[in-house]
Amino acid sequence: MRRCPPVPKPFHPAENRGYRELYAFCRQLAEHWSALVEQLPPAARSPFERGARLGRQTLEELEPLTANYGLHGGPAAQGVGKSVAGARSAVRDRFLETDRAARWALTELQYTTTLLGFLRAVAESRDDDRLVEFCGKAERRFRRLEGEARKAVVELGADPDLAVEPLDPSPVGRAAQSVTYAVGSVGEWFDRMAARRR
C-alpha cells in the first residue's frame, strides 16, 4: 500500500505574509536588476546580472515549495514586484545618477536577504526542517551576492565622474536629472540660509 507524504504544518501568519513578500521581492529583483544591468558601467554589471538570475531561480524553487502549504505566489504576489520594478526602472531611476541607482538597488537585495533570515527563524521555531533548509540555503546565496554587489557599488567611487553621470542618458533622463539638481540646489540654499541665521 502506497503511503502519502506527510501534510506540512500550516504556515504561521508571519510566514504567510513573509513568503508573499518574498515572491514580490524576488520578482522585483529579477525585473529591476535585469533593466539596471543595461545602464550600469560594464565593471559593475556582473553581480547585478547574477542577482536577476538568482531572483528568477528562487521563484522557481519557491512555487512548488509554498504550494505544499496552500500558498500560491502567482499573479497577485509577483505582480506587485513586477509593478514596483517597472516603476523604479521607468520613473525613479531616471532621476538618479549611476551610483545612487546602484546603491538603491542594493537595498532591495539586502531586504530580501534579511527576509529570508527572518523566515528561517520562524521555520526553526516551528521545527519545519524543509523550510529551514530552503531559507538557510537561499539566505546564504543572497548574502554572498550581497557582498559582491556591495563591492561593485563601492568601486563605482573610483571613477567619481562616471558615478555621477545620469543612469538614463536619454533626453528624458537628462531632463529628470535637471529637476533633481534644481531641487537639490534649493535644499542646499535653504540649509545655508538656516545656518547663517543660527
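Taken together, the values in this text are just the output of simple stated rules run on the coordinates, not laboratory data. The shown structure was predicted, so the numbers you read here are calculated from the model rather than taken from an experiment. FYI the Cβ positions are ideal-geometry reconstructions off the backbone, even for glycines, and counts take in every protein chain you see.
Some observations on this one:
- Neighbours of Ser46, meaning other residues whose beta-carbon lies under 15 angstrom from its beta-carbon, give a summed charge of +1 when Lys and Arg score +1 and Asp and Glu score -1.
- Between His72 and Asp129, the simple label model (points 7 Å from Cα in the Cβ direction) yields a spacing of 3.0 nm.
- Label-point separation in nm, Glu148 to Ala43, each point 7 Å along Cα→Cβ: 1.8 nm
- Legend: calculated FRET efficiency, Arg140 to Arg198, from the Cβ-Cβ distance at R0 = 35 Å, rounded to 0.05, equals 0.10.
- Residue list for region 9-42, given a label point 7 angstrom along the Cα-to-Cβ vector of Glu165 and an amide N cut-off under 17 Å: 36-42
- Pairwise label distance in nanometres, Trp104 with Ala158, each label 7 Å out on the Cα-Cβ vector: 2.6 nm
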